[in-house]
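None of the figures in this text is laboratory data; all of them are computed from the coordinates on show. Keep in mind that what you see is a predicted model, and the values were worked out from it rather than measured. Cβ: placed from backbone, ideal geometry, glycine included. Neighbour counts: every protein chain shown.
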Amino acid sequence: MPVTSGPTPLIIDCDTGIDDGLALLYACASPGAEIVAVTCTAGNVDARQVAQNTRAVLELAGRTDVEVALGREVPLARELITTPETHGPLGIGWAELPPTSMPLSARHSADLIVEEARRRPGGITLVTLGPLTNVALAVLREPELPRLLGRLVIMGGAYRVPGNTTPVSEWNIHVDPEAAQVVFRAWMSAIGRDASVPRALALGLDVTERARLLPGHLAALGRRAGTDGAALEARVRSAEGPAPANPVLRYLADSLRFYMEFHAKADGFYGAFIHDPLVVAVALDETLARATPVAVDVEVAGEVAAGQTVADWRGLWQRSPNADVAAEVDAGAFLDRLVDRLGGLAARAAGVAS
Ligand code: RIB
Ligand code: CA
């Protein structure tokens with residue numbers, strides 16, 4: 001991770017989705033983040049819907065200045081699968097957002113990533129919150145990308161825990177395993193050529209499923225925003241709850257209500273694993289997590305294990321570690337920061353001193 005005193009320059013690659021939207025708002029609300037650009041990849045919903053959602057969420061946060069790019073719209077070698085049951089048919093749950101006024105960048109996502117990395121060698125942290133399709137294209141176009149980036153931070157994989165899409169694969173890897181294999185192997189090659197190249201920081205379900213957002217967090221967030229926290233909690237629990245006047249709070253409650261309903265059915269608790277904002281928080285402050293260097297590769301040919309992230313914990317492959325795989329995270333500190341920062345963002349959106 002580059003040692004800098006100023007804000008961390010971020011390129012965020014996402015498949016906006018509900019937790020991606022939270023991650024974008026968290027980045028917008030973090031003074032330590034300089035959002036260089038956002039690149040969109042198909043995953044939770046199709047790529048053009050991702051681009052629509054991404055721009056609409058940034059506009060909600062008042063960040064119409066951010067460049068948003070589209071890239072390849074389907075995985076490298078497979079049919080696209082999406083997950084409307086998790087994020088809703090449009091990827092924002094029960095929320096509704098006005099059509100965006102922001103233009104799409106003229107640049108392809110892969111070109112944007114390469115060009116910005118070349119422009120600021122060692123300076124940019126690339127945070128991926130969705131399938132690795134465009135990152136794979138970027139590193140195929142520029143094999144030196146691992147050396148040109150300050151850090152690659154990946155939300156993806158399941159290293160010592162079960163998958164959430166198959167018994168062994170996590171969604172972002174599962175959608176495009178070939179892309180994930182290209183990325184992990186490119187980092188392996190680059191580190192083999194130059195040991196000073198930073199390893200990828202990989203945050204899998206091992207840690208992201210510890211970031212459980214509960215209705216009580218929405219109550220605290222509503223109070224932080226200067227509103228009735230109980231009303232916001234009521235809204236995230238039921239559509240019968242009062243509709244917040246604050247557009248940020250209404251988006252949060254209505255998108256998260258869908259996500260929490262999904263988790264109640266799929267995971268047995270009324271709340272949400274908020275994978276993506278946790279990863280942005282760690283990218284901005286790596287002290288929130290503890291990670292172990294390990295060689296990681298991705299299964300692509302498996303009949304039952306395609307998309308599995310395989311970590312060589314015993315060093316049997318005798319390959320240099322290409323990843324720092326997170327094993328621990330301070331989820332409590334993260335959730336406190338999320339409540340404070342999103343609550344403050346909402347307050348500012350309503351013109352309330354925060
Ligand atoms: O497995 C969780 C990941 O898949 C998150 O990034 C979520 O947004 C989905 O993309
Ligand atoms: Ca995502």
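Quick rundown of the values:
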{"quantity": "Normalised alpha carbon radius of gyration of the range 296-354 [divisor 2.2 N^0.38 Å]", "calculated": "1.98"}
{"quantity": "Over the range 134-193, equivalent-ellipsoid semi-axes from the Cα gyration tensor in Å", "calculated": "23, 12, 9"}
{"quantity": "For the range 251-256, Karplus couplings with θ = phi - 60° (6.51, -1.76, 1.60), whole Hz, Gly/Pro x", "calculated": "4, 4, 5, 6, 6, 6"}
{"quantity": "Net charge of neighbours whose Cβ lies under 11 Å from the Cβ of residue 250, counting Lys and Arg as +1 and Asp and Glu as -1", "calculated": "0"}
{"quantity": "Equivalent ellipsoid semi-axes - Cα gyration tensor, the range 88-226, angstrom", "calculated": "30, 21, 16"}
{"quantity": "Long-range amide H partners of residue 164 with built H, under 5 Å", "calculated": "169, 170, 171"}
{"quantity": "Computed FRET value (nearest 0.05) for residue 189 with residue 265, which takes r as the C-beta separation and R₀ as 51 Å", "calculated": "0.75"}
{"quantity": "Three principal axis lengths of the range 127-167 [C-alpha, angstrom, descending]", "calculated": "34, 18, 14"}
{"quantity": "Cα centroid of the range 302-346 to Cα centroid of the range 152-220, whole Å", "calculated": "5 Å"}
{"quantity": "Compactness index (Cα Rg / 2.2 N^0.38 Å), the range 179-338", "calculated": "1.29"}
{"quantity": "Distance histogram in 5 Å bins (all Cα pairs of the range 48-97, percent per bin)", "calculated": "5, 17, 23, 23, 18, 10, 4, 0"}
{"quantity": "Mean Cβ count within 10 Å, highest first, over the residues of peptides 164-171, 9-16", "calculated": "9-16, 164-171"}
{"quantity": "Interchain or long-range residues, amide H under 5 Å from residue 328's placed H", "calculated": "290"}
{"quantity": "Amide H within-cut-off set for residue 69, under 5 Å, with H built and near neighbours excluded", "calculated": "38, 39, 40, 105"}
{"quantity": "Reciprocal mean inverse distance between Cα atoms of the chain - Kirkwood radius, Å", "calculated": "19.9 Å"}
{"quantity": "In degrees, nearest ten, helix 47-60 long axis to first principal axis of the chain (Cα)", "calculated": "50 degrees"}
{"quantity": "Which of 102, 155, 260 has the fewest Cβ neighbours within 10 Å, and the rest in rising order", "calculated": "102, 260, 155"}
{"quantity": "Footprinting exposure proxy for 194, 176 (fewest neighbouring C-beta atoms within 10 Å first)", "calculated": "194, 176"}
{"quantity": "Overall form of the range 1-144 per C-alpha gyration tensor (a/c, 1.5; a/b vs b/c)", "calculated": "oblate"}
{"quantity": "In sequence order, calculated HN-Hα J values of the range 232-240 (Karplus, 6.51, -1.76, 1.60; Hz; x Gly/Pro)", "calculated": "5, 4, 4, 5, 6, 8, 7, 5, 6"}
{"quantity": "Span from the the range 96-113 Cα centroid across to the the range 1-40 one, whole angstrom", "calculated": "15 Å"}
{"quantity": "Rg to Rh, two decimals, where the range 1-56 supplies the alpha carbon set and Rh follows Kirkwood", "calculated": "1.03"}
{"quantity": "Fewest-first ranking of 276, 267, using other Cβ atoms within 10 Å as the exposure measure", "calculated": "267, 276"}
{"quantity": "Packing rank of 243-250, 42-49, 123-130, where each peptide gets the mean count of other beta carbons within 10 Å, highest leading", "calculated": "123-130, 42-49, 243-250"}
